[in-house]
Amino acid sequence: MTSATTTAQPDPMSGFHKARLAFRAWRRTRPFWGGLLVLLAAGPILYFPYATLSLGALRIQMSTTAGAGSAVIGLLLMALGISCWFQPMIRVFAGIAAIVLSIISLPVSNFGGFGLGLIFGILGGALACSWAPLKATPQPAGEGAADAAVAERSAEADTQVVLPTQQAGAAGPAAQPTAPQQQWQPQEPQEESKSVE
């Protein structure tokens with residue numbers, strides 16, 4: 001038996017490969033990157049107001065009176081990022097709320113987590129707002145082609161604008177008397193009458 005005469009055996013997919021394909025399919029049905037950036041924006045906004053940084057013998061503590069405000073903004077950004085993933089229908093609300101919260105974090109939380117949380121929040125909110133689900137792919141010709149044609153005709157009928165004159169014509173020719181159509185002709189200007197006083 002030579003390699004030219006043997007049938008090709010497909011390699012069975014590994015568990016990692018199947019999981020990666022399943023994650024890819026899940027990721028493409030929601031604003032994944034917008035939600036991830038909003039989730040990442042919460043990190044610096046939550047961390048810096050409560051952080052104690054040590055540079056050698058120098059200890060820097062950035063606790064502010066707005067620590068509670070930073071915690072609320074950070075936790076809300078986390079909730080919005082996760083809700084973008086699991087409830088894609090509220091993507092516009094979540095995106096706008098993330099942008100507003102990121103801008104509010106500018107004065108409340110050490111310049112929005114030193115700009116990191118601000119930038120990630122604005123970009124993630126914009127991505128969440130602008131994401132749209134993919135359109136359905138057309139069915140191949142063959143089985144179901146008649147169903148697709150009927151669905152397309154009904155969709156066209158739903159989106160057509162019907163004028164009142166067309167509705168009257170839809171009743172049938174017996175219900176409406178037909179009148180001869182007149183063609184539009186431009187009128188010649190009439191001379192204005194001048195009054196003599």
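Considering Cα pairs under 8 angstrom that are at least six residues apart, work out the relative contact order of segment 31-130 and quote it in whole percent.
On the way: 199 pairs, mean separation 42.3, N = 100.
Relative CO of segment 31-130 lands at 42 percent.
Listing T137, T52 from the residue with the fewest other Cβ atoms within 10 Å to the one with the most, what is the order? Write out the running numbers ahead of the final one.
Details: T137 6, T52 9.
With the fewest neighbours first, T137, T52 line up as T137, T52.
How do L118, L101, L53 line up, fewest other C-beta atoms within 10 Å first? Display every interim value, and only then the final one.
On the way: L118 21, L101 25, L53 10.
Ranked by crowding around the Cβ, least crowded first: L53, L118, L101.
Under 1.5 on a/c is rounded, so check that first for segment 31-130, then, if it is not, pick prolate when a/b is larger than b/c and oblate when it is not; a ≥ b ≥ c are the square roots of the alpha carbon gyration tensor eigenvalues.
Details: a/c = 2.64, a/b = 2.34, b/c = 1.13.
Prolate, since a/c reaches 1.5 and a/b exceeds b/c.
Sorting L127, L80, L55 on the 10 Å Cβ count, fewest up front, what's the list?
Numbers: L127 21, L80 28, L55 7.
Sorted ascending by nearby Cβ count, the order is L55, L127, L80.
At a Förster radius of 30 Å, what calculated FRET efficiency corresponds to the Cβ-Cβ distance of R27 and A57, to the nearest 0.05?
On the way: r = 47 Å, r/R0 = 1.56.
Efficiency at R0 = 30 Å is approximately 0.05.
Mind listing the long-range amide H neighbours of A51? Cut-off is under 5 Å, sequence gap 5 or more, other chains count too, H placed in the peptide plane at 1.01 Å from N.
Here the answer is M62, since their amide H atoms fall under 5 Å of that of A51.
Applying 1/(1 + (r/R0)^6) with R0 = 22 Å to the Cβ-Cβ distance of Y50 and V100, what FRET efficiency is obtained, to the nearest 0.05? List each step's numbers first, then the result.
On the way: r = 23 Å, r/R0 = 1.03.
Efficiency, from the Cβ-Cβ distance: 0.45.
Read-outs: derived from the displayed coordinates by stated rules, not from any lab. Note that the structure is a prediction, hence the values are computed from the model and not measured. Here the Cβ is made from the backbone with ideal geometry for all residues, glycine too, and neighbour counts use every protein chain on show.
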